[in-house]
Amino acid sequence: MSEMSKIVRTISSISFPLIIIYGLYIISHGHLTPGGGFQGGAVVASGCAMILVAYGSIWTIGKMKEKNLSLLESIGAICFILLAIFGLGFGAVFFNNFLVGSDFLFGTIPSAGSTIANINTGGVIPLMNFAVGIKVIAGLFAIVLVMAHASSTREGKK
Amino acid sequence: MSKRNFAAVVFFLVIAVFFFFSALMMHPFGVPEKADMDDEIIKGVQIETGTNNGVTSVVFDYRGFDTLGEATILFTAVAGVIMVFRRLKQ
Amino acid sequence: MILEAIHIILPILIVIASIYAVLLKDLIAAAIAVSAMSLMLSLEFYILQAPDVAIAEAGIGACLTTAILIIAIKATKRMEDET
């Protein structure tokens, strides 16, 4: 896929950081507001796909190799499973929320009822949100990038 | 009418009848079915998991195995797509 | 009152967009119809008080699926054959 006109490139360059910040906000506030790792990752991957469509696949694959993306996705999956296995070790069962109630990271317990949102709550859930977010960003963007690059090289051969 | 069109019409009528009866037996709008698990989760979600967002705590804590399966499905799909298109690129 | 009217109008628009997606011979126009259907479905999810599903549907259904479909159409033929 070749690059588009200068107007499209400028507008997508301006709106790309806003989309990325919105997606990262959804991921990092996943335990307070609606959303989570999967939804925020889908938003960030949509922004990256917009950059891919605007700038063309050859420029994008020069900036971000697909090998690095699959490495990032594997890191997210390993972090997710490792957090679950830590629950098996520190608590009693698989997927145990071992950080809640402790003085370590994300350990505060909110009082019951509707309270003011405190980001230092949630136990292991924000860490799992980050792991799943990295995994979904890398996975969905890798699919679009690899498909666009393969179709563009086939187009050039014709 | 060919045999294939006849089969399509019969299938469509059967599905339509099923949808009609399920629409007759639906709950009124905004009144969900009574379930004990909902009350348990809504009562204990802030003390047990420490989150204010109940949906995320159900997805990542109470039903963690489902999220693990979903992550596995996404990983397998990405691996399959990359494998197919890397072969096609050369 | 307005909410009930939106509840009646949005599913009709979703059905119309789906019928267009099936009937159109130009495949890129059909992909755009699928994208519009998905965007209205995400609005319907938001009105039904499921913002999680609405964000996921708007991100995946309206953006990434359209990108993948258009990339696949560019690599193959644009018009659907008359059979």
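The values are calculated or read from the model by the stated rules, or taken from the named source; none is laboratory data. In this text the structure is predicted, and so the values were computed from the model without any measurement. Cβ coordinates were reconstructed from backbone atoms using ideal geometry, including for glycine residues, and neighbour counts include every protein chain displayed. The area values use the complete protein model at the heavy-atom level, side chains included, leaving out ligands, DNA and RNA. Shrake-Rupley method; radii C 1.70, N 1.55, O 1.52, S 1.80 Å.
Quick one: in region C:2-75, what % of C-alpha pairs are over 22 Å apart?
26
With every protein chain present, what accessible area does A:Thr60 have (1.4 Å probe, heavy atoms only), rounded to the nearest 10 Å²?
Surface open to solvent at A:Thr60 totals about 10 Å².
With a 1.4 Å probe and all protein chains in place, put A:Leu127, A:Leu24 in order of accessible area, largest first.
A:Leu24, A:Leu127
Calculate the dipole size of the protein assembly as shown relative to its Cα centre from +1 charges on Lys and Arg beta carbons and -1 charges on Asp and Glu beta carbons; express the result in debye to the nearest 20.
The dipole magnitude comes to about 1820 debye.
At q = 0.08, 0.09 Å⁻¹, what log₁₀ I(q)/I(0) does a Debye calculation on the Cα points of chain A give, no solvent, two decimals?
-0.32, -0.39
Under a 1.4 Å probe, what is the accessible area of region C:2-75 per residue, stated in Å²?
Heavy-atom accessible area per residue stands at 54 Å².
Hey, got the average number of other protein chain Cβ atoms within 10 angstrom for residues in A:118-127?
4
What ranking of B:Tyr62, A:Tyr25 comes out by heavy-atom accessible area, probe 1.4 Å, highest first?
Result of the area sort, largest leading: A:Tyr25, B:Tyr62.
In whole angstrom, note down how far apart the Cα centers of region B:48-78 and region B:18-38 are.
Computed from Cα coordinates, the inter-centre distance equals 26 Å.
Where does helix A:66-90 land angle-wise versus the long Cα axis of chain A, in degrees 0 to 90, nearest 10?
Its long axis makes an angle of about 10 degrees.
In degrees from 0 to 90, rounded to the nearest 10, what is the angle of the helix C:65-75 Cα long axis to the longest principal axis of chain C?
The angle comes out at about 10 degrees.
Could you work out the equivalent-ellipsoid semi-axes for chain B, taking the square root of 5 times each eigenvalue of the Cα gyration tensor, largest first, in whole Å?
After diagonalising the Cα gyration tensor, the semi-axes are 38, 33, 8 Å.
So what is the relative contact order of region A:6-157, in percent, for Cα pairs below 8 Å that sit 6 or more residues apart?
That works out to 30 percent.
When ligands, DNA and RNA are left out and all protein chains stay put, how many square angstrom of accessible area per residue does chain A have with a 1.4 Å probe?
So chain A comes to 48 Å² accessible per residue, rounded to a whole number.
Contact order normalised by length for region C:2-75, with contacts defined as Cα pairs under 8 Å and 6 or more residues apart; what percent is it?
It comes to 29 percent, rounded to a whole number.
At a probe of 1.4 Å, how much accessible area disappears from chains B and A on forming the pair, both sides counted, to the nearest 100 Å²?
Heavy-atom accessible area buried at this interface is about 3000 Å².
For region B:9-90, which GluC sites (Glu not before Pro) pass both filters: DSSP loop (anything but H, G, I, E, B) and at most 11 other C-beta atoms within 10 Å?
Here the sparse-neighbourhood loop sites are B:Glu33.
Student exercise: in chain A, how many lysine pairs 8 or more apart or on different chains have Cα atoms under 24 Å apart?
Counting lysine pairs in chain A gives 7.
What total accessible area, in Å², is buried where chains A and C meet, using a 1.4 Å probe and rounding to the nearest 100?
Adding both sides of the contact gives about 1500 Å².
For peptide A:91-98, what's the mean number of Cβ atoms from other chains within 10 Å of each residue's Cβ?
3
Given the options A:Ile51, A:Ile119, A:Ile137, state which has the largest fluctuation in a GNM of chain A using a 10 Å cut-off (strictly under) for Cα springs.
Highest fluctuation among the options: A:Ile119.
Carbon and sulfur atoms: what percent of the 1.4 Å accessible area of chain B do they account for?
Exposed carbon and sulfur together represent 72 percent of the surface.
Could you tell me whether the protein assembly as shown comes out rounded, prolate or oblate from its Cα gyration tensor? Rule is a ≥ b ≥ c as square roots of the eigenvalues, rounded for a/c under 1.5, then prolate if a/b exceeds b/c, otherwise oblate.
Oblate shape, in that a/c is at least 1.5 and b/c is the bigger or equal ratio.
Which angle from 0 to 90°, rounded to the nearest 10, does the C-alpha axis of helix A:6-28 make with the longest principal axis of chain A?
Value to nearest ten degrees: 10.
Helix-only mean residue ellipticity at 222 nm, chain B, DSSP H runs n ≥ 4 weighted -39,500 (n - 2.57), per residue, nearest 500. What is it?
Calculated at 222 nm, the ellipticity per residue is -24000 deg cm²/dmol.
Rolling a 1.4 angstrom probe over the protein chains, ignoring ligands and nucleic acids, what is the accessible area of A:Cys79 in square angstrom, nearest 10?
Counting only protein heavy atoms, the figure is 60 Å².
Return the average number of partner chain Cβ atoms within 10 angstrom of each residue Cβ along peptide C:59-72.
6
Could you give the dipole magnitude of chain B about its Cα centre, charging the beta-carbon of Lys and Arg +1 and that of Asp and Glu -1, in debye to the nearest 20?
1000
How high is the relative contact order of region A:69-158? Use alpha-carbon pairs under 8 Å, at least six apart in sequence, and give a whole percent.
33
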